Amino acid sequence: MEVKKKEAEKLQVAEEVLKKTGFRHTTVLPEEAIVNLNIRPEGTYVDGTLGGGGHSALICEKLGRNGTLIGIDRDNAALEAAEKRLEGYNCNKIFVHGNYSEIKAILSKLVKEGRIGKDKIDGAILDLGVSSFQLDRPERGFSYMREAPLDMRMDQDGSFTAYDVVNTYDEYDLSEVIKTYGEEAWAKRIAKFIVKKRQEAPIETTTQLVDVIKAAIPARSRREGPHPAKRTFQAIRIEVNQELSHLAKAVEDFCDVLEHNGRLCVISFHSLEDRIVKNIFSKRANPCTCPPEFPICVCGKVADVRKISGKPIIPTKGEVEVNPRSRSAKMRVCEKI
């Protein structure tokens, strides 16, 4: 009975977030994220992937008038939407157009401008991947379910798009991107079909690309598992936005700028992201490089974080029912020591 009660309570939290959050953006792991951030009312917290502002709203609810939220996003449209959504909260709010991997430069700039007093923070959350805000805007080209130009840029000030990947990469490089970032078993065949199709005319839209992918994957394989274009679209999006290289740098740098007892929560949505986060947390929590047979440590490397969550925190069944996109989410948490 107690388990069912907790499940119902978390379902209610998810439903409330769904109602409160605009632009059809539903916050993933809302209660778990806020609990693990261990928010101090006067502290400074960073939402490195602001999106629709769902996590930021929950952080602002916990902050006092002297608390500060710094919201960062590569997407100007998301920044504008989140700023409007958060205007009713009384804490200090700073919105930054940038990449979360630039956190050290961002904090340094804010100190120089006198907007914050120091280049350290009390906590941060990174909710990775593409946001519901972006998926639900067809013209952005992230979704394989709707017709749109091949774009997929998180930062629309950038010039490199999904069109460039699909129409200019050679067959080998295209195959490597799809295999590595999409973990797609049919990567070589998909790349071959794309190259052949673009020889007739450039592939310009999401639906054109979906048709090529469907033609490349045998019918028997298309009948099972997720949408046949899901992995390829994911791979191209990651390549366009260089998400994994930015993630590795960001996790290291966010650990560096945490205050003592400050926490970093990272929510990932596929194994490549989760592996990067897991490995960095593990390395910083256990940095010793001495051989196992050494009786004492002589390398002098000392841990500067501890892992709050051994295994990743995942959504409840109730949250997945309310927000199916949360199904693959995993959250890992570390604390500065």
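The values are calculated or read from the model by the stated rules, or taken from the named source; none is laboratory data. What you see is a predicted model; the values in this text were computed from it and never measured. As a convention, Cβ positions derive from the backbone with ideal geometry for all residues, glycine included, and neighbour counts pool all protein chains shown. Calculation scope for accessible area: heavy atoms of the full protein, side chains included, ligands and nucleic acids excluded. Shrake-Rupley method; radii C 1.70, N 1.55, O 1.52, S 1.80 Å.
Going by a ≥ b ≥ c, the root eigenvalues of the Cα gyration tensor, does region 187-247 fall in the rounded group (a/c under 1.5), the prolate group (a/b larger than b/c) or the oblate group? In terms of gyration-tensor shape, oblate. Charge dipole (Cα centre; +1 on Lys/Arg Cβ, -1 on Asp/Glu Cβ; no other charges) of the chain amounts to roughly 780 debye. Rounded to the nearest 10 degrees, the inclination of helix 206-216 to the longest alpha-carbon principal axis of the chain is 70 degrees. Highest average first, the peptides 110-119, 230-239, 173-182, 270-279 ordered by how many other beta carbon atoms sit within 10 Å of their residues are 230-239, 173-182, 270-279, 110-119. Can you give the direction-averaged projected area of the convex hull of the alpha-carbon atoms in region 65-128, in nm²? Over all viewing directions, region 65-128 projects a mean Cα-hull area of 4.5 nm². Carbon-plus-sulfur accessible fraction, the chain (probe radius 1.4 Å, protein heavy atoms only): 50%. Of 150, 310, 300, whose Cα points farthest to the positive end of the dipole of the chain (charges on the beta-carbon: +1 Lys, Arg; -1 Asp, Glu; origin at the Cα centre)? Farthest towards the positive pole: 310. The Rg/Rh ratio of the chain, with both radii computed over alpha carbons and Rh defined as the Kirkwood radius, is 0.99. Shape of region 246-287 from the C-alpha gyration tensor: prolate (a/c of 1.5 or more and a/b above b/c, with a ≥ b ≥ c the square roots of its eigenvalues). Projected over all directions and averaged, the alpha-carbon convex hull of region 36-107 occupies 4.3 nm². Peptides 41-51, 304-314, 99-109, 158-168 ranked from most to least packed give 41-51, 99-109, 158-168, 304-314, packing being the mean of other C-beta atoms within 10 angstrom over each peptide's residues.
Considering only 221, 238, 180, and ranking their Cα positions along the charge dipole of the chain that arises from unit charges at the beta-carbon of Lys, Arg, Asp and Glu, the one farthest toward the positive end is 221.
Hey, got a sec? Which GluC sites (Glu not before Pro) in region 280-337 land in a DSSP loop and have at most 15 other Cβ atoms within 10 Å? Taking region 280-337 and a limit of 15 other Cβ atoms within 10 Å, the loop GluC sites (Glu not before Pro) found are 293. Rolling a 1.4 Å probe over the heavy atoms of the protein chains gives the chain an accessible area of 49 Å² per residue. Here region 195-270 is assigned +1 on the Cβ of each Lys and Arg and -1 on the Cβ of each Asp and Glu. Its dipole about the Cα centre then comes out at about 700 debye. A crude spin-label estimate for the pair residue 180 and residue 94, with each label 7 Å from Cα along the Cβ direction, gives 3.5 nm. Counting only DSSP beta bridges with both residues in the chain, the antiparallel share comes to about 35 percent. Using only alpha carbons, region 267-335 has a radius of gyration to Kirkwood radius ratio (Rg to Rh) of 1.16.
Taken about its Cα centre, region 119-270 carries a charge dipole of about 1040 debye when Lys and Arg each add +1 at the Cβ and Asp and Glu each add -1 at the Cβ. To the nearest 10 degrees, how steeply does helix 103-112 sit against the main Cα axis of the chain, on a 0 to 90 scale? It is inclined by approximately 50 degrees. Among 32-40, 82-90, the peptide with the highest mean count of other Cβ atoms within 10 Å heads the list, and the full ranking is 32-40, 82-90.
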